[in-house]
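**Q** Following this message is one structure expressed as structure tokens.
The values are calculated or read from the model by the stated rules, or taken from the named source; none is laboratory data. Quick caveat, the model's predicted, so the values are computed rather than measured. So basically every Cβ, Gly included, is an ideal-geometry build from the backbone, and we count neighbours across all protein chains shown. When the accessible area is computed, the model is the full protein with side chains, heavy atoms only, and any ligands, DNA or RNA have been set aside. Shrake-Rupley method; radii C 1.70, N 1.55, O 1.52, S 1.80 Å.
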Amino acid sequence: MEKQPLPTDDDQTETGVYGAEHRQQDPEPAARAGWNSKIEYFLAQVGFSVGLGNVWRFPYLCHQNGGGAFLLLYILLMLVVGIPLFFLELAAGQAIRQGSIGVWKYISPRLSGIGYSSCVVCFFVALYYNVILAWSLFYMGNSFQYPLPWEQCPNEANATGKYSFTASHTYIDGSCFNIDVFVSVSVKECEKSSPTSYFWYRKALDITDSIDETGTFNPYIVGCLLGAWIILCLGMFRGIKSSVKIMYFSSIFPYVVLFCFLVRGLMLDGAMEGITHMFYPKIEIWGNIQVWRQAATQVFFALGLGFGSIIAYSSYNPKNNNCHRDAFTVSFINFLTSVLATLVVFAVLGFRAKDKVKECISSNMMQLSERFDSGMVDISIMPKFNMSDLSSVAPEDYTSWFLKYGQHIPGNLTECSLENEMQKGVEGTGLAFIAFTEAMTLLPGSPFWSALFFLMLLNLGLSTMFGTMEGILAPLSDRFKTLANNKTKLTVFSCVIGFLIGLLFTQRCGNYFVTMFDDYSATLPLIIVVMFETFSVSWLYGADRFLDDCEGMLGWRPHVIYKYLWKYICLLSMVGLLLATTIRMFIKRPTYMAWNHETASEEYLDYPDWALAVLGLLIIFAMMPVPLCFIYSVLQDRMRRSENVENTGYSMVSTDDKCETPLTDMSELEQRNGSAAMYL
């Protein structure tokens, strides 16, 4: 039986994407918006794929998993898995010119649940991602003062604000006494940790000790979250026509900032040490299955696969657009951005680490001098350093001396390791709001660099949020005519709902929920979604057939290697990643990083049982549309066959050679076999 190709421009003009027989069932607007230029489309795709993960997730993974060896592994997986899947989504959206729901419904009505699952995951991500933008707004607002509020601990005697009081304001009644105690505890908490850690955990988040302690809403973060959703809503008020205007700034500005930080960072003492630690290759990590899992996951999320946003953006392209070239271009821009951000991060963190090491060496040498003066240390093991200028002591010279004689020194001298300092607080929010923030306080003109950095984070997140919301709004508008006719109201309504539910993350324990959603609400569902996408295109729709459609769009046929990559390599990679992620969740109980205010330090805690139940419900809720839509489609097919039998008194055998998908072929075959059995 001859299979129906993907729609052409002429087909869509006359009968719509689904054909004449489907227009009455799934109407769509007569005209579809499009990009004014290729630059707009390019900025949108790059802005969506290049996000906060490129700045704070990729550098951490690269540093922890072999440096240069991890880069090679990442490039390999990007070439054989990431780019083929990225090209698949671009081509599908451009050919069918629908959002994710419409695309997979066209492939087969029984697979339309894939698109709905993508929308659910996008909504989950939008909820917590905008909270990160709220944090960036809060820090950016606090950057316009000198000195920066996270440069030093609050002083009990002379600090201003609610955290300190002078002696003349001290009362002996209960309320005021409690406030004075709070000030003392806050100062001690800051002194035990660091000013930047204290400001992040106590001033910005006012965090609880665990996820079990909810606490009240943080009014400052609530206000910033409202501001973030208002900015997003205004940017998307008129769809891609308005959001793309903002992307001219939000997609380009981060690169300007990164280059400024790179130039400034390379001029800092310790920058080259940081970059050397970053890229030092450790080839042995290739034998660690967890490194492969982390590299594959990073490729997966860096390109934004499975969200539906890639499909939505490409659906606004003309049919003859070279989406194959776009797949390679956007992927390599994404990779180069990650490398650029990594250079910036570790140049600045190298400067911070070397400053910490120098402070450590000075402190240890002063202790050593005191012990030598008291006769506790023999002169033969004393270092030959210039004790009058401890800042001139090279870290490698101190480390060499410490490893040789340190165990013979009484007291608690430390190694002052540059490597250990480089590893402190370099993952996720810890990198942006603690480690990098602390490094900027050491720079001349620190308020300027701080405001620039958090404005960059805001723009990176905003571009990604535009794509994430488009992954929700475009499929729903394409699927339901009522929503398409009221897309502005749908946008405003979605933002209002997102803000109201997002208040969950503005509680004092909200950071723990952000971690929960970031680690688990999207990972497994997106892997499953992409696995279904790959299977439906390469096996159900047919890889050869899909390449035929690509040839009709591009004017030339993509290499046959894509057929085998989609059918075997990509699909098996998704299955392997799904199994590795699932097994790891069951073998090792999920944990989160909490802040202990008594010890003023971070610690890993196990998620309580109720939190694990929430995690399970999030994953189930995200994947529920897939089986539900499959069952609904099967029941609809059976009801139609039953109605045909009742109306005609016997089963008709269709002679129409047209079929929508391989799955509908199977349905018709079952019907014919059943009809034949009736006459045997």
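**Q** Filter region 206-232 for residues that are part of a helix (DSSP H, G or I) and open to solvent by 60 Å² or more (accessible area, probe 1.4 Å); which is nearest to Thr196 (Cα to Cα)? Spell out how you get there, then give the answer.
**A** Narrowing region 206-232 to residues part of a helix (DSSP H, G or I): 219-232.
Keeping just the survivors that are open to solvent by 60 Å² or more (accessible area, probe 1.4 Å) gives 219-220, 226, 230-231.
Numbers: Pro219: 20, Tyr220: 18, Leu226: 25, Ile230: 29, Ile231: 28 Å.
Going through the qualifying residues, I end up with Tyr220.
**Q** Pairs please, first residue from region 91-104 and on the phi > 0 side of the Ramachandran plot and touching a residue at least 40 places away in the same chain (Cβ under 8 Å), second anywhere and part of a helix (DSSP H, G or I) and not small (Gly, Ala, Ser), Cβ atoms under 8 Å, 6+ apart in sequence or on different chains.
**A** Going by the 8 Å Cβ cut-off, the qualifying pairs are Arg97/Gln12.
**Q** Go through Phe346, Phe300, Phe307 for me and flag whichever is under 35 Å from the mean Cα position of the chain (by Cα), buried (at least 21 other Cβ atoms within 10 Å of the Cβ) and part of a loop (DSSP other than H, G, I, E, B). Please lay out each step first, then the result.
**A** Working: Phe346 fails: part of a loop (DSSP other than H, G, I, E, B); Phe300 fails: part of a loop (DSSP other than H, G, I, E, B).
After applying the criteria, what remains is Phe307.
**Q** Kindly indicate which of Leu605, Leu572, Leu615 is touching a residue at least 24 places away in the same chain (Cβ under 8 Å), farther than 30 Å from Ser193 by Cα and of a type in the set (A, V, I, L, M).
**A** Numbers: Leu605 fails: farther than 30 Å from Ser193 by Cα; Leu572 fails: touching a residue at least 24 places away in the same chain (Cβ under 8 Å).
The conditions single out Leu615.
**Q** Check Ser117 against each of (1) over 24 Å from Cys224 (Cβ atoms); (2) in a loop (DSSP other than H, G, I, E, B) and name the one condition it does not meet.
**A** The number of the failed condition is (2).
**Q** Restricting attention to region 468-494, which residues are part of a helix (DSSP H, G or I) and over 19 Å from Trp229 (Cα atoms)?
**A** We begin by selecting, within region 468-494, every residue part of a helix (DSSP H, G or I); these are 468-479, 481-485, 487-494.
Matches in region 468-494: Pro475, Leu476, Ser477, Asp478, Arg479, Lys481, Thr482, Leu483, Ala484, Asn485.
**Q** Something else about it: Need pairs with beta-carbon distance below 6 Å; first residue farther than 22 Å from Pro475 by Cα and within region 240-251, second open to solvent by 20 Å² or more (accessible area, probe 1.4 Å); sequence gap 6+ or separate chains.
**A** Ser251/Leu43
**Q** Here is a follow-up. Do we have Ala439 as in contact with a Ser or Thr (Cβ under 7 Å, 6 or more places away or on another chain) and of a type in the set (Gly, Ala, Ser) here? So that I can check it myself, show each step before the final result.
**A** Numbers: in contact with a Ser or Thr (Cβ under 7 Å, 6 or more places away or on another chain): no; of a type in the set (Gly, Ala, Ser): yes.
So Ala439 does not fit the description; no.
**Q** Let me ask something additional. Has region 516-535 got any residue that is exposed (fewer than 14 other Cβ atoms within 10 Å of the Cβ) and among the acidic types (Asp, Glu)? Talk me through it step by step, then tell me what you get.
**A** Kept after step one, since they are exposed (fewer than 14 other Cβ atoms within 10 Å of the Cβ), are these residues of region 516-535: none.
The answer is no; no qualifying residue exists.
**Q** I would also like to ask the following. Do you know which residues across region 495-512 are open to solvent by less than 20 Å² (accessible area, probe 1.4 Å) and assigned to a helix (DSSP H, G or I)?
**A** First pass over region 495-512, keeping only residues open to solvent by less than 20 Å² (accessible area, probe 1.4 Å): 495, 498, 502, 505-506, 509-512.
Passing the criteria: Cys495, Gly498, Gly502, Phe505, Thr506, Gly510, Asn511, Tyr512.
**Q** Sticking with this structure for a sec: Against the definition (more than 30 Å from Ile275 (Cβ to Cβ), touching a Gly at 6+ places or on another chain (Cβ under 8 Å) and at pLDDT 85 or above), how does Ser331 come out, yes or no? If you could, list the steps in order and put the result at the bottom.
**A** Details: more than 30 Å from Ile275 (Cβ to Cβ): no; touching a Gly at 6+ places or on another chain (Cβ under 8 Å): yes; at pLDDT 85 or above: yes.
No, not satisfied.
**Q** If you don't mind, there's one more thing I want to ask. Of the conditions (1) modelled with pLDDT under 70; (2) not in a helix (DSSP H, G or I), Ser391 satisfies every one except a single condition; which number is it?
**A** If we test Ser391 against (1) modelled with pLDDT under 70; (2) not in a helix (DSSP H, G or I), just (2) comes out false.
**Q** Would a scan of region 274-281 turn up a residue that is touching a residue at least 24 places away in the same chain (Cβ under 8 Å), in contact with a Cys (Cβ under 7 Å, 6 or more places away or on another chain) and under 27 Å from Ser450 (Cα atoms)?
**A** yes
**Q** Inspect all residues belonging to region 97-117 and state whether any of them is under 22 Å from the mean Cα position of the chain (by Cα) and open to solvent by 10 Å² or more (accessible area, probe 1.4 Å). Walk me through it before giving the result.
**A** In the first step, residues of region 97-117 are kept if they are under 22 Å from the mean Cα position of the chain (by Cα); the result is 99-100, 114-117.
Those still in the list that are open to solvent by 10 Å² or more (accessible area, probe 1.4 Å) too: 116.
Within region 97-117 (the criterion being under 22 Å from the mean Cα position of the chain (by Cα) and open to solvent by 10 Å² or more (accessible area, probe 1.4 Å)), the answer is yes, since at least one residue qualifies.
**Q** Taking the condition closer than 30 Å to Ser37 by Cα and at pLDDT 90 or above, does Leu225 pass? Show your work before the answer.
**A** Details: closer than 30 Å to Ser37 by Cα: no; at pLDDT 90 or above: yes.
In short, no.
**Q** Could you give me the residue pairs with C-beta distances under 8 Å whose first residue belongs to region 108-121 and is under 16 Å from Phe517 (Cα atoms), whose second residue is aromatic (Phe, Trp, Tyr) and surrounded by fewer than 24 Cβ atoms within 10 Å (Cβ to Cβ) wherever it lies, and which are 6+ apart or on separate chains?
**A** Partner pairs satisfying both residue conditions: Val120/Phe621.
**Q** May I pose another question? Return the residue satisfying two criteria in turn: it lies in region 54-97 and is among the polar types (S, T, N, Q) and assigned to a helix (DSSP H, G or I), and of such residues it is nearest to Phe535 (Cα to Cα).
**A** As a first pass, look at region 54-97 and keep what is among the polar types (S, T, N, Q): 54, 64-65, 94.
With the extra rule that they be assigned to a helix (DSSP H, G or I), the set shrinks to 54, 64, 94.
Details: Asn54: 29, Gln64: 33, Gln94: 19 Å.
Per the criteria, the residue is Gln94.
**Q** Follow-up question, since we're still on this one. Are any residues in region 536-576 more than 24 Å from the chain's Cα centre (by Cα), open to solvent by less than 10 Å² (accessible area, probe 1.4 Å) and not β-branched (Val, Ile, Thr), and if so, which ones? Write out each step before concluding.
**A** The first filter runs over region 536-576 and keeps only residues more than 24 Å from the chain's Cα centre (by Cα), leaving 536-569.
Remaining after also requiring open to solvent by less than 10 Å² (accessible area, probe 1.4 Å): 536-538, 541, 543, 546-547, 550, 558, 566.
Once the filter is applied, which keeps residues that are more than 24 Å from the chain's Cα centre (by Cα), open to solvent by less than 10 Å² (accessible area, probe 1.4 Å) and not β-branched (Val, Ile, Thr), region 536-576 yields Ser536, Ser538, Tyr541, Ala543, Phe546, Leu547, Cys550, Pro558, Trp566.
**Q** Assigned to a helix (DSSP H, G or I) and open to solvent by 40 Å² or more (accessible area, probe 1.4 Å) - does that describe any residue in region 457-467? Give the derivation first.
**A** Taking region 457-467 and keeping what is assigned to a helix (DSSP H, G or I), we get 457-467.
Cutting the leftovers down to open to solvent by 40 Å² or more (accessible area, probe 1.4 Å) gives us none.
No, region 457-467 has no match at all.
**Q** On to the next question. Does region 245-291 hold any residues that are open to solvent by 90 Å² or more (accessible area, probe 1.4 Å) and part of a loop (DSSP other than H, G, I, E, B), and which are they?
**A** If the condition is that a residue be open to solvent by 90 Å² or more (accessible area, probe 1.4 Å) and part of a loop (DSSP other than H, G, I, E, B), then Met267, Tyr280 are the ones that fit.
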